[in-house]
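**Student:** I'd like to ask you about the structure that follows.
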Amino acid sequence: MLATLSPGLVCCLATAALLWGCPLPLALQNELKIHLAKIGGGARPVRKGVSGHRLGLRSQDMGELDGVPVTCPARTWLDLAAVLDLEDLVAADYFICSQSRSFGPKKDALCSLGDLLEQVHSTPGARGFRKARQALELCRVGADSAPETRLRLAIGRLGLPEPALRYVVQDATGWELAWPDVAFPDFKVAVNYDGRHQLEERSVSQTSGGTSPSRPSAGHR
């Protein structure tokens, strides 16, 4: 990669976001240019296949993935404010989302909401700064995907109460029955966002919603 072949360069913006695994709009996912910035400031890197940026990066704004220098999750999210609209930026709360359920692998957050707050407050001159501050008020921990975040935002635009994330439906004994994407416990309403992959035949233990697997006998609990 260019960043490893050219000392003093770091991957940033959409390139960094994709390296971290953050979902982005298709236009950015399919972009062919690599976004790079010069460590320590200075002139923007200029070369074929590169979109160069001039960023004031602190040492704590940078990290490394498999030997590739990359802006840290919080700085990457802030830089995305310059190129994403508000809803897509909120959907990039992927960086702060974690999941720990009784099924499937545990997902650890790449950074915390506090990290995003610190990053924004310490970089007031960044492009998209005001949009980032607005997005922070809408970011939540707990969404499984960007479409689920957009669903939550759409619910808010309709004037409905804010739904609960990571809610678990349990029976009277505490046995887990379902794991809806968003829930309104006071109204006993649960909502799931079904993507294309959920049309495929899969075991219940691999899904984030629906009914629970067969309840084991008391001797096996």
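**Student:** Using the structure shown, list the pairs from LYS38/LYS131; LYS33/LYS131; LYS48/LYS106; LYS106/LYS188 with a Cα-Cα distance above 32 Å, or answer none.
**Tutor:** Those over the limit are LYS48/LYS106.
**Student:** Rolling a 1.4 angstrom probe over the protein chains, ignoring ligands and nucleic acids, what is the accessible area of TYR94 in square angstrom, nearest 10?
**Tutor:** 60
**Student:** Using a 1.4 angstrom probe on the protein heavy atoms only, could you order ARG130, ARG44, ARG54, ARG140 from most to least accessible area?
**Tutor:** So the residues, ranked largest to smallest area, are ARG130, ARG54, ARG44, ARG140.
**Student:** Express as a percent, rounded to the nearest 5, the fraction of DSSP beta bridges in segment 12-102 (both residues included) that run antiparallel.
**Tutor:** Counting only bridges with both partners in segment 12-102, antiparallel ones make up about 50 percent.
**Student:** Considering amide H positions built from the backbone, and no H for Pro or chain starts, which residues 5 or more places from SER51, or on another chain, come under 5 Å of its amide H?
**Tutor:** Placed amide hydrogens put ILE34, HIS35, LEU36 under 5 Å from SER51.
**Student:** How much area per residue is accessible in segment 38-108 when the probe is 1.4 Å and only protein heavy atoms are counted (Å²)?
**Tutor:** It amounts to 48 Å² per residue over segment 38-108.
**Student:** Put a dot 7 Å past each Cα toward the Cβ at ASP85 and ASP66; how far apart are the dots in nm?
**Tutor:** Computed distance between label sites ASP66 and ASP85 equals 3.3 nm.
**Student:** Using 0.36 nm per residue, how much length does the chain from ALA27 to ARG47 gain when fully extended, once their Cα-Cα distance is taken away?
**Tutor:** 5.0 nm
The values are calculated or read from the model by the stated rules, or taken from the named source; none is laboratory data. Since this is a predicted model, take the numbers as computed values, not measurements. Cβ coordinates were reconstructed from backbone atoms using ideal geometry, including for glycine residues, and neighbour counts include every protein chain displayed. Side chains included, ligands, DNA and RNA excluded: accessible areas come from the protein's heavy atoms. Shrake-Rupley method; radii C 1.70, N 1.55, O 1.52, S 1.80 Å.
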